[in-house]
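The values are calculated or read from the model by the stated rules, or taken from the named source; none is laboratory data. Note that the coordinates shown come from a computational prediction; the quantities given were computed from them, not determined experimentally. When we count neighbours, we look across all protein chains shown, and the Cβ atoms used for this are built from the backbone with ideal geometry, even at glycine. The protein model used for the area step is the full one, side chains on, heavy atoms only, and it has no ligands, DNA or RNA in it. Shrake-Rupley method; radii C 1.70, N 1.55, O 1.52, S 1.80 Å.
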Amino acid sequence: MFQKVHLHLAVLCGSITAFILLIMSLGYLYISEQGLKENSFSSFQNDMNTLITNLEHQSVITHEWLTRMEDGGKYLIHITDNGVPFLFNERETAEEKQLFREAWEAWEDSPSEITSAAFSDIYHTEFLFSPKESSGRDYYACAAVAEKSSGSLRVMILSPLDPLSAQINRQRFLFFTLDILAVIALSFFAWHFTKRILKPLEENQKKQTQFIAAASHELRTPLAVILSCASASGKAEGSVRAHFLDAIQSEGMRMSKLIDDLLLLTTADNKGWSIKTAPVEPDTLLLNLYEAFQPVAAEKNIALSITLPEETAPTITGDRERITQVLSILLHNALSYTPSGGAVRLTLTCHGKNILFSVEDNGIGIPDAEKERIFERFYRSDKSRSKKGHFGLGLCIAAEIIHAHRGKISVKDTPGGGSTFIVTL
């Protein structure tokens, strides 16, 4: 499922970014091309102003001067005196003659669209010219007319737009290439970015699947015992029946505790865990915990001790019941996994603004490879732990509570053997 979602998200993300990139590129290209065309036409007008000014000051128009003005094919010049073409125009091809005829017709047919500028006795105008019978080539055209007493001088100057078209095509090709590379890069980024986004969701789904599987497994065992005892009690009598009923009650209480723990973790997952903060005296809290567990430790022949700082510890802000629950979980585990004749010690220390609660035992200990996993749900490091009737949820609940208090919980080895859990608030 996640592979399909990953693919769809990557395609969606890549398509949207590619579409935005394409729209921006087209917009920039349009603005850039309009600017190139305007600059090119302005440059042509300036050149024509200069050329017409030079023409005005020529007393004799020679072939050499006209050839020089054509600037090696940059311009095509056609000039007539009283309607008679100059000998210079005899070198024009049939295609060029047709081209100039169409240019004059375009100028004559559209006088309202042509704005003229006057320079002494010569009037000229520039316009964009697209021949009717051409191979797709456009031209800038300049029509100049000089009316004198001796007659009229008419000049048509054409400038092919091939250099401008080539520049625009190069720019388009450059943008097309860059867009292709950008789309490839964006697709690569979208693939890895969406994969990174989905990774926590995928891991969360795996954890949920494992959680459901583990919960089902843990519930199946007491349920099987209850059903078996219920079936057997129907045929039993007297003390035997009472024994089965006691087993049913015991397993029912066990299931009830497991369900309570599951609901507690579900509330934490949904961010619905309410922490009722109030000033808490850590030394008093630890003393009360010590007194509550002293009979349990004595019954198991375990020496339970407590170490408090010489000076009164500063109060902390937190949920007294939740903090007590955490320390109870740690202390209960310590008493459960410490053999008879062992020792468990509660310690309270102050480091700057931090208060440290530690629960130290000299029991079976926790291997280094297991230390990072013991706070996972339903995790029990070895068979000896699973025999204690624990579901593997206590440390997970403790970690959730401490994280809700923005604190830290950790574990390390006790010198000489055993484990030491430290809660920092």
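Of note:
- Among the residues of the range 136-153, those that are of a type outside the set (A, V, I, L, M, F, W, C), in a strand (DSSP E or B) and modelled with pLDDT under 90 comprise E147, K148, G151, S152.
- Breaking point among (1) at pLDDT 85 or above; (2) over 17 Å from I306 (Cβ atoms); (3) open to solvent by less than 60 Å² (accessible area, probe 1.4 Å), for D361: (2)
- All conditions but one from (1) in contact with a helix residue (DSSP H, G or I) (Cβ under 8 Å, 6 or more places away or on another chain); (2) under 20 Å from I402 (Cβ atoms) apply to K300; the one that does not is (2).
- Search result, residues across the range 90-101 that are surrounded by 18 or more Cβ atoms within 10 Å (Cβ to Cβ) and farther than 12 Å from A143 by Cα: L99
- Residues that are at pLDDT below 85 and either surrounded by fewer than 12 Cβ atoms within 10 Å (Cβ to Cβ) or not hydroxyl-bearing (S, T, Y) (or both) are absent from the range 283-292.
- The one condition from (1) surrounded by fewer than 19 Cβ atoms within 10 Å (Cβ to Cβ); (2) β-branched (V, I, T); (3) in contact with a Phe, Trp or Tyr (Cβ under 7 Å, 6 or more places away or on another chain) that T317 does not meet is (3).
- Taking the criterion of being on the phi < 0 side of the Ramachandran plot, within 38 Å of the chain's Cα centre (by Cα), at pLDDT below 85 and of a type in the set (G, A, S), the residues of the range 364-403 that qualify are A369, S381, G394.
- Subset tally (residues that are under 21 Å from D71 (Cβ atoms) and touching a Ser or Thr at 6+ places or on another chain (Cβ under 9 Å)) for the range 160-184: 4
- The C-beta contact set for the range 66-85 (first residue touching a residue at least 12 places away in the same chain (Cβ under 8 Å) and aromatic (F, W, Y), second residue surrounded by 17 or more Cβ atoms within 10 Å (Cβ to Cβ) and assigned to a strand (DSSP E or B), distance under 7 angstrom, 6+ apart or interchain) comprises Y75/I157; Y75/L158; Y75/S159.
- Residue in the range 6-47 that is most open to solvent (accessible area, probe 1.4 Å), counting only those that are among the small types (G, A, S) and farther than 19 Å from L158 by Cβ: S15
- Qualifying positions in the range 396-420 - out of contact with any strand residue (DSSP E or B) (no Cβ under 8 Å at 6 or more places or on another chain), closer than 19 Å to P339 by Cβ and touching a residue at least 24 places away in the same chain (Cβ under 8 Å): G416, G417
- Conditions (1) open to solvent by less than 40 Å² (accessible area, probe 1.4 Å); (2) in contact with a strand residue (DSSP E or B) (Cβ under 6 Å, 6 or more places away or on another chain); (3) in contact (Cβ under 8 Å) with a residue 40 or more places away in the chain; number of the one not met by E56: (1)
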